[in-house]
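K.L.:
Once you've had a glance at the structure underneath, I'll fire off some questions.
The values are calculated or read from the model by the stated rules, or taken from the named source; none is laboratory data. Computed from a predicted structure; not experimentally measured. Note: ideal-geometry Cβ built from the backbone for every residue, glycine included; neighbour counts use all protein chains shown. These accessible areas exclude ligands, DNA and RNA; they are computed on the full protein's heavy atoms, side chains included. Shrake-Rupley method; radii C 1.70, N 1.55, O 1.52, S 1.80 Å.
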Amino acid sequence: MKRRKARIMAMQILYASDFNNVSIAEAIGYYDETPVDPLAIEFVNGVSDNMDKIDSIICDSLENYTIGRLNLVDKAIIRLAVYELLNKTDERIVIDEALEITKQFSDQGDHKATGFNNKLLDKIAKNIKE
């Protein structure tokens, strides 16, 4: 559960950075009243340091869709998941955690966001293995 909280915090920081068009450091600063989990910082810095590679992997896996069309919450969730997949975290855990976070923060009850993210992350995981 601790890792999920760190993932959620990392997703929120990535989202805040993208939404407000600010640096990761500025987005982390939005958490002035809440201590930022060091694991969340590790996740965020890992995504930030590898953003071009991560976005390239996402773009290569999208069909009839562009990364710019992804809503910002889903983009943050997927970027974080791709970072973890690249770092050899068990793909079942990564995808399951990403889908749970999607259900909590992005899905609007119709399961479309969860289904989309699941399909995309499955394809990404397969592409990374190859």
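K.L.:
State to the nearest 20 debye the size of the charge dipole of the chain about its Cα centre, where the only charges are +1 on K and R beta carbons and -1 on D and E beta carbons.
P.N.:
On the way: 17 positive and 22 negative charges, 69 e Å.
Roughly 340 debye, rounded to the nearest 20.
K.L.:
Which parts of region 42-84 would a label at GLU130 reach, counting a residue when its backbone N lies under 17 Å from a point 7 Å out along Cα-to-Cβ?
P.N.:
Those under the cut-off are 56-64.
K.L.:
Another question about this same structure. So what is the 222 nm mean residue ellipticity for the chain from helices alone, if each DSSP H run of at least 4 adds -39500 (n - 2.57) and you divide by all residues, rounding to the nearest 500 deg cm²/dmol?
P.N.:
Numbers: 7 runs with 96 residues, N = 130.
After summing the helix terms and dividing by residue count, I get -23500 deg cm²/dmol.
K.L.:
Of ILE78, LEU62, MET51, which is farthest on the positive side of the dipole of region 35-95, counting Cα position, with +1 on Lys and Arg Cβ, -1 on Asp and Glu Cβ, and the Cα centre as origin?
P.N.:
Checked the options; the winner is LEU62.
K.L.:
Rounded if a/c is under 1.5, else prolate if a/b is larger than b/c, else oblate: which is region 59-130, with a ≥ b ≥ c the root eigenvalues of its Cα gyration tensor?
P.N.:
Working: a/c = 1.78, a/b = 1.24, b/c = 1.44.
Oblate is the answer for region 59-130, as a/c is 1.5 or above yet b/c matches or exceeds a/b.
K.L.:
So what J values fall out for region 76-90 if you push phi through Karplus, 6.51 cos²θ - 1.76 cosθ + 1.60 with θ = phi - 60°, rounded to Hz, Gly and Pro as x?
P.N.:
These are the phi-based 3J(HN,Hα) values: 5, 4, 5, 4, 4, 4, 4, 4, 5, 4, 5, 9, 6, 5, 3 Hz.
K.L.:
Still on this model: What order, most packed first, do the peptides 118-126, 74-82 have when packing is the mean number of other Cβ atoms within 10 Å of each residue? Write out the running numbers ahead of the final one.
P.N.:
Working: 118-126: 17.1, 74-82: 26.3.
So the peptides 118-126, 74-82, ranked by packing, come out 74-82, 118-126.
K.L.:
For the chain, with a Gaussian network of springs between Cα atoms less than 10 Å apart, report the residue from ALA98, ALA113, ALA25 with the top mean-square fluctuation.
P.N.:
Top of the fluctuation ranking is ALA25.
K.L.:
Here's a follow-up. Among ALA25, THR89, ILE41, pick out the residue whose Cα is farthest towards the positive end of the charge dipole of the chain, where Lys and Arg carry +1 and Asp and Glu carry -1 on C-beta, about the Cα centre.
P.N.:
Selected residue: THR89.
K.L.:
In debye, nearest 20, what is the charge dipole magnitude of region 20-61 about its Cα centre with +1 on Lys and Arg Cβ and -1 on Asp and Glu Cβ, if you could check?
P.N.:
Values: 1 positive and 9 negative charges, 17 e Å.
The dipole magnitude comes to about 80 debye.
K.L.:
Turning to a different aspect of this structure: Need one number: nm distance between label points at ASN21 and LYS112, each 7 Å from Cα along Cα→Cβ, rounded to one decimal.
P.N.:
Between ASN21 and LYS112, the simple spin-label model gives 2.7 nm.
K.L.:
Taking all protein chains in place and a 1.4 Å probe, what share, in percent, of the accessible surface of the chain do carbon and sulfur account for? If you can, show how the numbers build up before the last one.
P.N.:
Working: 3560 of 7350 Å².
Exposed carbon and sulfur together represent 48 percent of the surface.
K.L.:
Listed highest first by mean packing, meaning other Cβ atoms within 10 Å per residue, what order do 84-97, 9-22, 51-64 come in?
P.N.:
Result, highest mean first: 9-22, 84-97, 51-64.
K.L.:
Cut-off 12 Å, label point 7 angstrom out along Cα-to-Cβ of LYS5: give me the residues of region 18-46 whose amide nitrogen falls inside.
P.N.:
Output list for this probe position: 35-40.
K.L.:
Continuing with this model, one more query. Would you list TYR30, TYR65, TYR83 from the most to the least accessible area, probe 1.4 Å?
P.N.:
Values: TYR30 115, TYR65 75, TYR83 30 Å².
The most accessible residue leads, giving TYR30, TYR65, TYR83.
K.L.:
Can you classify region 1-87 as rounded, prolate or oblate using the Cα gyration tensor, where a ≥ b ≥ c are the square roots of its eigenvalues, rounded means a/c under 1.5, and otherwise it's prolate if a/b beats b/c and oblate if not? Provide the component values of the computation, followed by the final result.
P.N.:
Working: a/c = 2.04, a/b = 1.55, b/c = 1.32.
Because a/c hits 1.5 or more and a/b exceeds b/c, region 1-87 counts as prolate.
K.L.:
Could you do me a favour and compute the accessible area per residue for region 34-78, 1.4 Å probe, result in Å²?
P.N.:
Values: 2320 Å² over 45 residues.
Dividing the accessible area of region 34-78 by its residue count gives 52 Å².
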